[in-house]
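**Student:** Dropping a structure here in structure tokens format, bear with me for questions.
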Amino acid sequence: MENKTLVNILQNIFCDITKRKVALIIIYTVVLLVGITGLTVMISLLKTNIRSLTTIAFLNLMVAHFLFLLTVPFRIYYYASQTWQLGQGFCKLVSAMVHIHIYMVFTIYSILLTVRFLHFYKKTQRTEFYRRLHGLGASALVWCILLIIMLPLVLIQYGHKTIPENQCFKFGDELQEHHVYALNMVLSILIITVSCFQTCIQAIILRQMILKYGAASSAQQEFWVQIKNLSFVLILLTCLVPYHLFRLQYLNNTKDLNQINEVFLAITGLTCFDMLTFTGKSICKVCWT
């Protein structure tokens, strides 16, 4: 019997339009409901100390999730009706927002994890900004840099080739342009590499703590901080890395894999579950720092 890769198996499952439509509607509905719930709870629980790096990171994640969630109902509408009546300009915006959300979440996670790793190894003693304005300025800088990178990418990647009337999210042909292909390949490899590197560091830190404290690890404040870090790493590994591993293959076969690409792309929206992990203090005894 011929061996089949996971991508081929999933492609066979989702080649049926009805199955794919139902899967996409379910995933995005779950993302929308969980995202709204998490944001609502986070607004009521978020600390007022906006000099804290963790608080600034949460605020930026909330903004990124909020902007993304605004576009999710339009995706659900399209997959339910299988027709797009809102114009191609708005289609490009909705399509681009999911990618902006991916890179913003990845950037925030990477910065937060890097600072916390350095703090654990005593390479830095500060996890707060000196003034509130510094924290807000750093957030604005991150957003500006990301948008400066993303907006040209969106302008380059979308809109040069026509797509069927009343259809949306069919920009696979744009990826055949050499510069667009190269940029997407670099971004995917970067996200996979950084995520795996951070996973290794987190595993080493947890191993060191368990070896040092043994059964008493759960009584250590730093241990629960690392558990929170582990939740970030797991979200990267389960929501972002699979999509970008698939994207390496998708970039070389956009026509055949366009349908399953939408399913993998929808899974990246599950990063909105991170809001629920932030509110689990009373259940998981996670330390807020």
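**Student:** Out of the trypsin sites (Lys or Arg not before Pro) in segment 24-105, which ones are loop residues according to DSSP with at most 13 other C-beta atoms within 10 Å? Walk me through the numbers on the way to the answer.
**Tutor:** On the way: sites: 47, 51, 75, 92; in loops: 47, 51.
Sites meeting the loop and neighbour criteria: 47.
**Student:** FRET efficiency for residue 121 and residue 86, Cβ-Cβ distance as r, R0 = 45 Å, nearest 0.05? Mind showing how you got there, number by number?
**Tutor:** Working: r = 50 Å, r/R0 = 1.11.
After rounding to 0.05, the efficiency reads 0.35.
**Student:** Please work out the FRET efficiency for the pair residue 70 and residue 190, using the Cβ-Cβ distance as r and a Förster radius of 25 Å; give the result to the nearest 0.05.
**Tutor:** Details: r = 27 Å, r/R0 = 1.08.
My answer for the efficiency is 0.40.
**Student:** At 7 Å along Cα-to-Cβ for each site, give me the label-to-label distance between residue 248 and residue 111 in nm.
**Tutor:** Each label point lies 7 Å from its Cα, and together they span 2.8 nm.
None of the figures in this text is laboratory data; all of them are computed from the coordinates on show. Because the structure is predicted, anything quoted here is derived from the model rather than measured. Neighbour counts are summed over all protein chains in view; Cβ atoms, including those assigned to glycine, are modelled from backbone coordinates with ideal geometry.
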